Every structure is written in structure tokens, then in C-alpha cells.
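Chemist: Sharing a structure below in C-alpha cells format, with a few things to ask.
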Amino acid sequence: MHWETCAGHLLDGDRSLGATTAVAVVGLGYWGPNLVRVLAERTDVRVRWVCDLDPGRLAVIARRYPAVGVTGELDVVLADPEVEAVLLATPVFTHHELARRCLEAGKHTFVEKPLAPSSELAGDLIELATERGLVLMCGHTFLYSPPVRAVRGLIEGGQLGELFFVSSSRVNLGLHQRDVSVIWDLGPHDFSILLYWLEELPRSIRAIGRASIVPGIADVAFVTMEFESGLVASVELSWLAPSKLRRTVVVGSRQMVVYEDGAPEPIRIFDRGVVYKDPETFGEYHLSYRAGDIRSPHLSNDEPLSLQLSDFVHAVSTGQGDPRGLMLARDVVGLVEAAEVSLREGGTPVALEGNRVTSGAG
Ligand SMILES: NC(=O)c1ccc[n+]([C@@H]2O[C@H](COP(=O)([O-])OP(=O)(O)OC[C@H]3O[C@@H](n4cnc5c(N)ncnc54)[C@H](O)[C@@H]3O)[C@@H](O)[C@H]2O)c1
């Protein structure tokens with residue numbers, strides 16, 4: 001399955017009538033209940049277990065979904081032969097260990113982003129899933145978002161012209177993570193979107209930031225990337241901002257796009273730009289500004305998480321995973337790692353080759 005076309009499978013309806021996939025959701029903190037909600041709404045899925053170390057969180061879900069089994073032990077889930085797939089929405093640093101246990105128990109596995117706490121461990125999971133012939137998917141939800149897909153269509157179709165730069169801000173007040181920096185928490189969203197749009201890894205990345213509130217855990221970071229094609233990108237990430245903003249600007253030689261997640265018009269395409277006239281023709285260089293129309297295409301309101309889980313259920317029911325999606329998930333982890341190296345080194349550029357960090361200061 002070609003990963004960027006995954007959502008095309010969603011409504012195929014090619015599962016045999018009445019067949020259901022039995023699943024378990026592990027981790028019921030902020031995000032896990034969303035997985036339970038979306039899965040419980042599907043007629044082709046049976047949520048057989050929910051699992052969390054915290055009995056209070058289990059009790060909340062048990063009240064809402066009385067038919068679902070509750071347990072604090074992943075082993076109980078894994079020992080149930082009816083469970084075909086496990087979805088993990090636990091903290092980042094548990095992803096590798098828990099996903100490995102699921103795969104070893106023969107379960108198809110969905111891991112919330114990022115796939116693993118290092119690209120080496122991400123590679124280990126991918127290898128294990130491939131060896132066992134199991135589906136492994138990472139929860140890069142934004143890749144299923146209609147605006148993100150529409151921007152990719154514009155880039156692919158050449159409407160924007162040569163891409164000059166991308167600049168994004170993902171900031172909000174709150175949801176400080178206890179175990180990871182803001183780069184591990186929010187960076188995977190923007191990094192996955194950039195890789196999906198550009199189909200190119202940056203050749204170098206740098207990051208500065210600071211731990212303003214909790215010592216040792218950066219809550220604001222400014223990450224910049226340079227690409228072989230000449231494109232430059234900047235990503236601002238923060239849990240410490242007066243209001244929520246999720247906005248990305250893509251500037252090309254022909255057109256520019258503003259993508260603002262959650263806005264009534266999530267995409268605005270500006271037919272604007274600058275034309276540079278060669279000094280050889282005019283004696284000195286000449287700039288003329290083009291200010292054309294602003295267009296806001298109609299987009300579907302489909303919930304990205306619902307599209308993504310449809311894809312996962314489809315993959316489980318056909319046994320067909322998505323190797324390119326996994327490569328992207330591993331590359332995202334590589335970018336986070338490299339940005340973290342740069343952050344620790346005070347913002348020195350870190351070169352990337354393939355998805356490997358090849359140099360950093362010190
Ligand atoms: N796709 C998205 O848009 C999106 C959005 C938010 C969070 N996430 C991801 O979801 C994951 C969880 O984030 P969160 O904000 O919900 O975290 P959280 O801390 O709010 O919740 C994590 C839950 O996992 C439970 N847990 C921890 N270890 C466990 C174990 N061994 N067995 C069972 N339960 C265990 C904890 O008790 C807690 O209830 C992270 O990977 C995060 O990056 C994804």
C-alpha cells in the first residue's frame with residue numbers, strides 16, 4: 001500500500017459483511033479516550049479491552065462503555081487470543097517496550113506518535129513487525145487531515161511553483177508532558193507534515209529553546225531546517241503561549257498558502273508573489289509585486305483520527321501494512337533526535353544523512 005494513498009481505502013467496504021476486528025486500547029490519558037470513542041463507533045470493530053495503570057482512568061471508560069473489559073495488565077490483553085490488534089496511547093518512552101511486547105504476542109499494533117523514543121528502536125519495531133508479518137502503524141494523525149492533504153495536492157500539482165520556505169507555529173498554553181520535551185511532543189506533527197509534503201529529508205536541522213517552567217524539559221523550541229532543494233523551514237513549538245495557534249505558511253514562487261488548523265477556512269491560497277527582473281536588462285534590479293485573488297477551497301469535515309483508524313482497521317483486516325508510512329514514522333523520530341542534539345548543543349547545526357544524525361558539535 002502506497003502510504004499517501006491510504007485514506008483512499010477507507011470506505012472500500014471490502015471487509016466481509018458482519019466481520020469485526022477485536023481490538024484493545026492501552027493508555028487512557030488525554031488522547032487514548034479519543035481512540036476508544038472512534039473505535040467504539042465502528043460497526044466493524046469490537047473494543048474488547050481497555051488497559052491503563054491508573055484505575056481511575058479505567059473506571060471512567062468502564063462507566064461509558066460497560067461492555068468493554070478493563071485491566072491494568074497488558075499481559076491480560078496479550079493473552080486473549082481474540083484480540084487481533086492493540087492500540088497504544090501511552091507516554092513516548094513506553095512505546096518501544098510495549099509495542100515490542102504486542103508484536104511478540106502476535107498482535108497487529110498501532111503506536112501513537114512518535115513511533116519510538118529513538119530511530120534505532122523505531123527500526124527495531126519495524127523489523128520485528130516485518131519478520132512476523134504483522135501490521136505496525138504510527139499515529140501521525142495530521143497526515144489524514146483534509147487540509148494537509150489538500151496542501152500536498154497543491155505542491156504536487158505545481159500550483160505553488162518552486163517552494164521557497166515553510167514556516168509553522170504550533171503553540172498553546174498547557175499539556176506540559178512530564179517525560180519529554182516539547183520537541184518530542186509537538187514536533188512529530190510538523191515534522192510528519194513536512195516530510196509528507198516535501199518527500200525530502202532536511203540535510204541539516206538546528207534548534208534552540210529553553211525549559212522555562214520544569215527544569216530539564218524544554219517547553220519552547222524554535223527548530224529550523226535546510227533542505228537540499230534550497231527550501232528552508234522553521235517550526236515554532238511551545239506549551240507556553242497565551243493562546244492556541246496551529247498555523248503553517250508555505251511560500252512558493254507562484255502562490256502562497258496559509259494553513260490554519262481548526263479555522264473556519266483552514267486553507268487560504270494567495271495568488272501573490274514578487275517578480276524579479278534581472279539587473280542586466282534594467283541596469284539595476286527591478287521588483288514587481290503581484291497581488292491576486294485569495295481562494296479558500298471547500299474541504300471535507302472528516303475527522304482525521306477516524307480516517308486514520310479506518311486505515312488501520314483496513315490494514316489489519318487485509319494483513320497489508322504500509323512500509324512507506326513506517327519509513328516516514330522512523331524519519332520523524334530521526335528529526336526529533338537530531339533537533340534534540342542541536343538543542344543540547346545550544347543550536348549547532350546537525351547534519352542528517354538518510355535518517356541518521358551524522359554530525360553535531362561535540
Ligand atoms: N495523534 C495525536 O494527535 C496525539 C495527540 C495527543 C497525544 N498523542 C500521543 O498519545 C500518547 C499519549 O499521550 P497523552 O497525552 O494521552 O499522555 P497521558 O500521559 O495523558 O496518558 C498516558 C496514559 O498511559 C497510561 N500508561 C502509562 N504506562 C502504561 C502501561 N505500561 N500500561 C498501561 N497504561 C499505561 C498512563 O496511566 C496514562 O493514563 C503520546 O504518544 C502522545 O504523543 C497523539
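Chemist: Among the trypsin sites (Lys or Arg not before Pro) in region 40-134, which ones are in a DSSP loop with at most 16 other Cβ atoms within 10 Å of the Cβ? Mind listing them?
Modeler: Counting only loop positions with at most 16 other Cβ atoms within 10 Å, the trypsin sites (Lys or Arg not before Pro) in region 40-134 are R42.
Chemist: In the Gaussian network model of the chain, springs joining C-alpha atoms below 10 Å, which of L326, L74, L175 carries the largest mean-square fluctuation?
Modeler: L175
Chemist: Across the chain, where is the longest run that never hits GluC sites (Glu not before Pro) in a DSSP loop with at most 14 other C-beta atoms within 10 Å?
Modeler: Here the longest segment lacking exposed loop sites spans 83-161.
Chemist: May I pose another question? Which residues in region 207-241 have a backbone N closer than 16 Å to a point placed 7 Å from the Cα of D54 along the Cα-to-Cβ line?
Modeler: Zone members listed by number: none at all.
Chemist: Once R0 is set to 35 Å, what does the formula 1/(1 + (r/R0)^6) return for the Cβ-Cβ distance between D124 and K277, expressed as a FRET efficiency to the nearest 0.05? Provide the component values of the computation, followed by the final result.
Modeler: Working: r = 55 Å, r/R0 = 1.57.
About 0.05, to the nearest 0.05.
Chemist: Work out, step by step, the length gained on full extension between I294 and T71: first 0.36 nm times the residue separation, then minus their alpha carbon distance; give nm to one decimal.
Modeler: The I294-T71 span can extend by a further 75.0 nm.
Chemist: With unit charges on the beta carbons (Lys and Arg positive, Asp and Glu negative) and the dipole taken about the Cα centre of region 74-173, which residue among Y144, L87, L98 sits farthest to the positive side?
Modeler: Farthest along the dipole direction, towards plus: Y144.
Chemist: Residues of region 119-158 with backbone nitrogen within less than 18 Å of a virtual label 7 Å along the Cα-to-Cβ line of N301, please, listed as ranges.
Modeler: 145-148
Chemist: Moving to a separate point now. What shape does the chain have by the C-alpha gyration tensor, where a ≥ b ≥ c are the square roots of the eigenvalues, rounded means a/c under 1.5, and otherwise prolate means a/b greater than b/c and oblate the rest?
Modeler: Judged from the Cα gyration tensor, the chain comes out prolate (a/c at least 1.5, a/b above b/c).
Chemist: While we're looking at this one, here's another question. Across the chain, where is the longest run that never hits chymotrypsin sites (Phe, Trp or Tyr not before Pro) in a DSSP loop with at most 13 other C-beta atoms within 10 Å?
Modeler: Looking at the chain, 31-284 is the longest stretch - no exposed chymotrypsin sites (Phe, Trp or Tyr not before Pro) with at most 13 other Cβ atoms within 10 Å.
Chemist: Based on Cβ point charges of +1 for Lys and Arg and -1 for Asp and Glu, what charge dipole magnitude is obtained for region 37-110 about its Cα centre, in debye rounded to the nearest 20?
Modeler: It works out to roughly 280 debye.
Chemist: Per-residue ellipticity at 222 nm for the chain, helices alone: DSSP H runs ≥ 4 residues times -39500 (n - 2.57), over residue total, nearest 500 deg cm²/dmol?
Modeler: Calculated at 222 nm, the ellipticity per residue is -10000 deg cm²/dmol.
Chemist: Shape of region 97-252 from its Cα gyration tensor (a ≥ b ≥ c, root eigenvalues): rounded if a/c is under 1.5, otherwise prolate when a/b > b/c, or oblate? Mind showing how you got there, number by number?
Modeler: Values: a/c = 1.95, a/b = 1.21, b/c = 1.62.
Oblate.
Chemist: Can you give me the accessible area per residue for region 57-100, using a 1.4 Å probe, in Å²? Each step should come with its number before you reach the end.
Modeler: Details: 2180 Å² over 44 residues.
Accessible area per residue: 49 Å².
Chemist: Now, a different point. Given the Cα-Cα distance of S234 and E345 and 0.36 nm per residue of separation, how much length would full extension add, in nm?
Modeler: Between S234 and E345, full extension yields an extra 38.1 nm.
Chemist: Let me ask you something else. When a/c reaches 1.5 or more, the comparison of a/b and b/c decides; with that in mind, is region 190-308 rounded, prolate or oblate per its Cα gyration tensor?
Modeler: Oblate.
Chemist: Among bridges DSSP assigns within the chain, what percent are antiparallel (round to 5)? The partial results should precede the final answer.
Modeler: Details: 45 of 73 bridges.
Percent antiparallel among DSSP bridges in the chain is about 60.
The values are calculated or read from the model by the stated rules, or taken from the named source; none is laboratory data. The model shown is predicted, which means the values in this text are computed figures rather than measured ones. Methodologically, a virtual Cβ is constructed for each residue, glycine included, from the backbone with ideal geometry; neighbour enumeration extends over all protein chains shown. Just the protein is used for accessible areas: all its heavy atoms, side chains included, with ligands, DNA and RNA removed. Shrake-Rupley method; radii C 1.70, N 1.55, O 1.52, S 1.80 Å.
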